[in-house]
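Heads up: the structure comes next, in structure tokens.
The values are calculated or read from the model by the stated rules, or taken from the named source; none is laboratory data. Note that the structure is a prediction, hence the values are computed from the model and not measured. When we count neighbours, we look across all protein chains shown, and the Cβ atoms used for this are built from the backbone with ideal geometry, even at glycine.
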Amino acid sequence: MENIRYEVKDYVAVVTLARPKVNALSRAMRYELTEAFDEINERPDVRCAVLAADGHVFCAGADLKDRPDPSKAGQGPLHNRIVRETSLPIKDNDKPVIAAVNGAALGAGMGLAMACDIIFASKNATFGMPEINVGLAGGGSMLAQFFSRSRMRRMMFTGENFDAEELYRLGIIEAALEPEDLMPTVMAMAHDIASKNPTGMKIAKRSANLVELMSPRDGYIFEQKYTLELGRTENAVEARTARLEKRPPVFKDE
């Protein structure tokens, strides 16, 4: 792959955005991200994934030089389809994905980070939706999932950026860390998650995505049914047995 790096070790996959200078998302880069996370979804030797980035910018957003040709019929809808599908292999992945945001995450770059399950950032990270400043508009559907009505509109209408400490204050990210502490903190959590029952983790990830769309009562009923089915699996029996025998569990790969 030319625009990202992708490594797996000890049940943790690390996908690194690596397109100098600012990791702008081109069509080729979007395809590579989709390919990597689709593969991660089906790899039994991956139980957790990390999305990180090279350089001082996490992702500056869409590559403005890679826009559709308005003179060619169908190019606009095709481009839009590719753009909106980019984050789905992350969000819908059966494996939890942790974002390590080391710099500016703007526009589609912010969308990538917000598609992850857990988000950590360095103190020099910033987040924003600057589309209005480049003659575009968008991002409201994503922003509305995380921000208040007023803040969502402020971000869309002004293109203003907000630092990691502000997003931590709002409860949107887990921490605003010193840059040197970002990857060690993220990798420690990734390995902790990777040590859990992989069958249960797959169910937990699917459940977390689905209950967001349900009423509290329906979500609770849904989770109870999932838990009942999960409790009968071999890995669940091993988890309970290991706890009773006070030993580390030995899980089978999914």
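Some points to look at:
- Residue count, segment 79-92 (criterion: part of a helix (DSSP H, G or I) and either farther than 19 Å from residue 36 by Cα or polar (S, T, N, Q) (or both)): 2
- Taking the criterion of being small (Gly, Ala, Ser) and surrounded by fewer than 22 Cβ atoms within 10 Å (Cβ to Cβ), the residues of segment 1-37 that qualify are 18, 26, 28, 36.
- From the options 146, 162, 157, residue that is under 26 Å from residue 208 (Cα atoms) and either in the same structural domain as residue 30 (by TED's automatic domain parsing) or touching a strand residue (DSSP E or B) at 6+ places or on another chain (Cβ under 9 Å) (or both): 146
- Screening residue 8 with (1) under 23 Å from residue 131 (Cα atoms); (2) assigned to a strand (DSSP E or B) gives one miss only, at (1).
- Filtered by the rule that a residue be in contact (Cβ under 8 Å) with a residue 24 or more places away in the chain, in a helix (DSSP H, G or I) and surrounded by 15 or more Cβ atoms within 10 Å (Cβ to Cβ), segment 207-254 gives 230, 235, 236, 238, 239.
- Odd one out for residue 199 among (1) at pLDDT 95 or above; (2) not in a loop (DSSP other than H, G, I, E, B); (3) not acidic (Asp, Glu): (1)
- Across segment 39-84, the number of residues qualifying as hydrophobic (A, V, I, L, M, F, W, C), touching a residue at least 60 places away in the same chain (Cβ under 8 Å) and loosely packed, with under 14 Cβ neighbours inside 10 Å comes to 1.
- Of all residues in segment 63-78, none satisfies being modelled with pLDDT of 95 or more and either under 14 Å from the mean Cα position of the chain (by Cα) or part of a helix (DSSP H, G or I) (or both).
- Any hit, segment 159-182, residues being touching a Gly at 6+ places or on another chain (Cβ under 7 Å), farther than 27 Å from residue 8 by Cα, charged (D, E, K, R) and surrounded by fewer than 18 Cβ atoms within 10 Å (Cβ to Cβ): yes
- Residues (surrounded by fewer than 24 Cβ atoms within 10 Å (Cβ to Cβ) and modelled with pLDDT of 95 or more) located in segment 108-140: 114, 115, 116, 117, 118, 122, 123, 124, 126, 128
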